[in-house]
Amino acid sequence: MEYVDETAAKIMLAVRPGDSIRRIAQKIDGSYSWVYDWIERLEEAGLVRRDNGVYIEDYTIRDRYHEMVATISRSIPPSIDEAYVIPHFAGMPFAYTKIDSVYVWTNGGYQIARGHDDYPIFIQVADQDVDRWMAFFDEFGVPCTIEDRPDPTDYDATVSYVLFPTTKPITREWVDGNPVIALDETIDHMMEHRVNYEPALEIIADEYDRDIDAVHEDPRLKP
C-alpha cells in the first residue's frame with residue numbers, strides 16, 4: 001500500500017524511456033529531491049530501472065496506476081496545475097501552442113482570455129493521433145475539442161483541452177519541463193494578434209534577447 005501514492009502514480013505515468021529524473025520532476029511539477037527519492041523506492045520494488053535514464057520495468061503496474069488516476073480524475077476534476085501534467089500521461093507527442101505557447105515561453109508571465117472558471121489548454125498533436133487523444137481525455141473525464149474552444153456553458157469542468165492537429169512532424173522545445181512549439185513560431189502567432197500580445201512581446205524580447213519592436217504604436221495616434 002505504500003506505493004498507492006500520488007507522486008508514485010505520476011512518475012509511473014509520466015516516464016518515457018530514457019527520461020532523466022530532472023525531466024520527470026519537471027513533467028509532474030515536483031521537486032527533484034522528492035522525485036529522486038521515489039525513483040529509488042520504485043527501483044527497489046522492481047517497477048522502474050535506471051540505466052542512463054529511467055525506464056519502466058513493470059507495465060502491468062503502470063496500467064493499474066493509469067486506471068486509478070483516470071478514475072480519480074473523473075470523480076474529482078483536475079486543477080489547472082494538474083491539467084498541465086495529464087497530457088504527459090498519454091504517451092503521444094504533443095506541444096503546447098497558441099495561448100499556451102506564449103504562456104510557456106514567458107514562463108507563466110503572460111496570461112490572456114482564460115479564467116479560473118474557464119481554462120482551455122491548447123496543444124498541438126499529430127493528426128493521426130486525434131482519435132486517441134479524444135479517447136484519452138474522455139477517459140480522464142476532461143472536455144476536449146478540436147481547434148475551437150468548447151462553450152463553457154456545455155460542461156461543468158474548469159479545465160478543457162483544445163487540440164490543433166498537424167500533418168507535419170511535431171517539432172518541440174522544452175521549457176521548464178513543458179514541450180512547446182518553437183519560439184519563432186510562437187512569435188509569429190503573437191505578431192498575427194499583436195494587439196493582444198504586446199506585453200508578452202516585451203517579455204520575450206527581454207528574456208531571449210530578440211530584436212522585436214515590442215512597443216505598440218496605436219495607428220489612431222499617428223499624425
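If packing is taken as the average count of other Cβ atoms within 10 Å, what order do 63-70, 118-125 fall into, highest mean first?
Highest-to-lowest ranking by the protection proxy: 118-125, 63-70.
Which whole-number percent gives the relative contact order of the chain, counting Cα pairs below 8 Å spaced six or more residues apart?
Rounded, it is 18 percent for the chain.
What do you get for Rg/Rh of segment 80-208 when both radii come from the Cα atoms and Rh is the Kirkwood radius? Don't skip to the answer; put the middle values down first.
Working: Rg = 14.2 Å, Rh = 15.0 Å.
Using only Cα positions, Rg/Rh for segment 80-208 is 0.95.
I'd like the orientation of helix 59-75 relative to the chain: the angle between its Cα long axis and the longest Cα principal axis, in ° from 0 to 90, rounded to 10.
Here the helix axis deviates by roughly 50 degrees.
Arrange Ser73, Ser20 by Cβ neighbour counts within 10 Å, fewest through most, would you?
Ascending Cβ contact count within 10 Å gives the list Ser20, Ser73.
Please rank Phe164, Phe94, fewest neighbouring Cβ atoms within 10 Å first, as an exposure proxy.
Phe164, Phe94
So what's the chain giving for Rg/Rh, alpha carbon basis, Kirkwood Rh from the mean inverse pair distance? Don't jump to the answer; show the numbers that get you there.
Details: Rg = 19.1 Å, Rh = 18.9 Å.
Reported Rg/Rh, Kirkwood definition of Rh: 1.01.
For Glu192, Glu40, what's the fewest-to-most ordering of other Cβ within 10 Å of each Cβ?
Neighbour counts put them in this order, fewest first: Glu192, Glu40.
Using only alpha-carbon positions, what ratio does the radius of gyration of segment 6-75 give when scaled by 2.2 N^0.38 Å?
Numbers: Rg = 11.4 Å, N = 70, 2.2 N^0.38 = 11.1 Å.
Ratio of Cα Rg to 2.2 N^0.38 Å: 1.03.
With an 8 Å cut-off on Cα pairs and a minimum separation of 6 or more residues, tell me the relative contact order of segment 80-208 in percent.
31
Given 0.36 nm per residue, what is the gain on full extension from Asp37 to Met134 after removing their alpha carbon distance, in nm?
Answer, rounded to one decimal: 31.5 nm.
How far is helix 130-139 tilted off the main Cα axis of the chain, in degrees rounded to 10, range 0 to 90?
60
Every number in this text was worked out from the coordinates using simple rules, so none of it is lab data. What you see is a predicted model, and the numbers here were worked out from it, not measured in a lab. Glycine gets a Cβ as well: all are built from the backbone with ideal geometry, and neighbour counts include every protein chain shown.
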